[in-house]
1. What are the pairs, 6+ residues apart or on separate chains, where a residue within the range 378-398 that is in contact (Cβ under 8 Å) with a residue 24 or more places away in the chain and at negative phi has its Cβ under 6 Å from a residue that is among the basic types (Lys, Arg) and part of a helix (DSSP H, G or I)?
2. Could you please find all residues in the range 274-314 being among the aromatic types (Phe, Trp, Tyr) and surrounded by fewer than 17 Cβ atoms within 10 Å (Cβ to Cβ)?
3. Going by the conditions given, is residue 26 hydroxyl-bearing (Ser, Thr, Tyr), touching a residue at least 12 places away in the same chain (Cβ under 8 Å), in a helix (DSSP H, G or I) and out of contact with any Asp or Glu (no Cβ under 7 Å at 6 or more places or on another chain)?
4. Quick one: in the range 179-220, of everything that is aromatic (Phe, Trp, Tyr) and modelled with pLDDT of 90 or more, which residue is farthest from residue 105 (Cα to Cα)?
5. Show the residue pairs meeting these rules: Cβ distance below 7 Å; 6+ apart or different chains; first residue within the range 36-51 and more than 15 Å from residue 338 (Cα to Cα) and open to solvent by less than 60 Å² (accessible area, probe 1.4 Å); second residue in a helix (DSSP H, G or I) and β-branched (Val, Ile, Thr).
6. Can you find even one residue in the range 74-86 that is within 24 Å of the chain's Cα centre (by Cα) and either within 30 Å of residue 224 (Cα to Cα) or open to solvent by less than 80 Å² (accessible area, probe 1.4 Å) (or both)?
7. Restricting to the range 224-235, name every residue that is open to solvent by less than 10 Å² (accessible area, probe 1.4 Å) and at pLDDT below 90.
8. Please state which of the following conditions residue 157 fails to meet, knowing it meets all the rest: (1) in contact with a Gly (Cβ under 8 Å, 6 or more places away or on another chain); (2) of a type outside the set (D, E, K, R); (3) modelled with pLDDT under 90.
Amino acid sequence: DLSLLRFISAELTRGYFLEHNEAKYTERRERVYTCMRIPKELEKLMFFGIFLCLDAFLYVFTLLPLRVFLAMFRFITLPCYGLRDRRLLQPAQVCDILKGVILVICYFMMHYVDYSMMYHLIRGQSVIKLYIIYNMLEVADRLFSSFGQDILDALYWTATEPKERKRAHIGVIPHFFMAVLYVFLHAILIMVQATTLNVAFNSHNKSLLTIMMSNNFVEIKGSVFKKFEKNNLFQMSNSDIKERFTNYVLLLIVCLRNMEQFSWNPDHLWVLFPDVCMVVASEIAVDIVKHAFITKFNDITADVYSEYRASLAFDLVSSRQKNAYTDYSDSVSRRMGFIPLPLAVLLIRVVTSSIKVQGVLAYICVVLFYCGLISLKVLNSIVLLGKSCQYVKEAKMEEKLFNPVPTATPGKPAGKQQSMFKSTQGVSTDENGSASVTNQPVHQKENTPSLLVTSNSDQFLTTPDGEEKDISQDSSELKHRSSKKDLLEIDRFTICGNRID
């Protein structure tokens, strides 16, 4: 019998049987725990990635000038040694000289750009126009970063390519001018970004700074509700690392310019401190919220960030081997899209214009500061290498460091060879069909000798003597059989064969 009293009684005494849907509610609880773990795991990845960028950035100021000096000394003293080698300079020395020349040329070109005029020109614009300009600058910076490393790599390969081959390029000089133009334009772009941020810091009502920082939260709307695989999330994480490090350098430039205007008064630094904290806090908050909801909506666990960290550590460790084909700073640039040359040009330009060096004592301070930078660079490299070895061991990827390079055998198509390479690397897919960035390697057979001596943690940084001979013999035998496509595929594949472009 239906009655109002029975309906109210049923509503007041109705119970819940959550145990009947235990799997659903357990999954919801795990999602909450995952979101709670995201800040810690994400910041671990960011911390490690920022120090990787710092290492590549300090390399431009510390070791690159010394390497350029050694290369020029070898070139000058070449008649004393004779022409025993077919090359006048080694490929690495050619690349170092090109980097140094580009850095010096762009530095002198930046003297023709008036920072003060640019500041007053931007300050005279309206708030809405500056907001639009800042958004356009962020988009342009990403486009420049994506294309800039290709320009520099094309220059390095054109300058070091074996001359016996048929010429299929426009020449070293056009590539060199393209690289100089790119670095100069990118440095100007970053200078406009720093100037806009400086105007926002010095505005009276701070409305422009608030609008610019609120622009970061637009990223949440643009990325949270999209479908993300693990590889795409890895690419986004690398982009966030590069963006955060670039913002730190921009804040340093803004502080230097403001301190110069106030005659290096320490009290003014505390005036800038709240605004700097606001910028840093907004970046951290946006990254945490963005990654938390991306992992929630795409059913990705928080452990994936330790896999990303292991992948970056593997790049660093593998570049320290004797048979590494690229410098670790270039590998960081390719992986994260962080190109240190334009940022270094701008920072040198700002520092030299803000700080006047006069007298013997000032030059002594400059030399001591340079020695301190070298010490910081060496210490940072040692700590990063040790932590990278630890992360590689925890991910059980030591044996991948010495796996022979897969090459296409005659009579087999490249597609089958590529699929065999993937299967041997132990790629596993999750239930959604997305491949993991780092996976556990497949156990080898018992009769297969181990390729790695595991007695010490640093023994896999250099190739053992016996393996070095085998690698050199195999490389000489397979040199003519390997194709350009294989090398490109190896370069684009990460530690377990998953493509991350």
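1. 391/309
2. Result: 293, 297.
3. Numbers: hydroxyl-bearing (Ser, Thr, Tyr): yes; touching a residue at least 12 places away in the same chain (Cβ under 8 Å): no; in a helix (DSSP H, G or I): yes; out of contact with any Asp or Glu (no Cβ under 7 Å at 6 or more places or on another chain): yes.
So residue 26 fails the test.
4. Applying the filter and picking the extreme gives 182.
5. If the second residue must be in a helix (DSSP H, G or I) and β-branched (Val, Ile, Thr), the pairs left are 38/288; 38/295; 39/288; 42/288.
6. No, the range 74-86 contains no residue that is within 24 Å of the chain's Cα centre (by Cα) and either within 30 Å of residue 224 (Cα to Cα) or open to solvent by less than 80 Å² (accessible area, probe 1.4 Å) (or both).
7. Answer for the range 224-235, where residues must be open to solvent by less than 10 Å² (accessible area, probe 1.4 Å) and at pLDDT below 90: just 224.
8. (1)
The values are calculated or read from the model by the stated rules, or taken from the named source; none is laboratory data. Here the structure is a predicted model, which means the values were calculated and not measured. Glycine also receives a Cβ, built like all others from the backbone with ideal geometry; neighbour counts cover every protein chain displayed. SASA here: full protein model, heavy atoms, side chains in, ligands and nucleic acids out. Shrake-Rupley method; radii C 1.70, N 1.55, O 1.52, S 1.80 Å.
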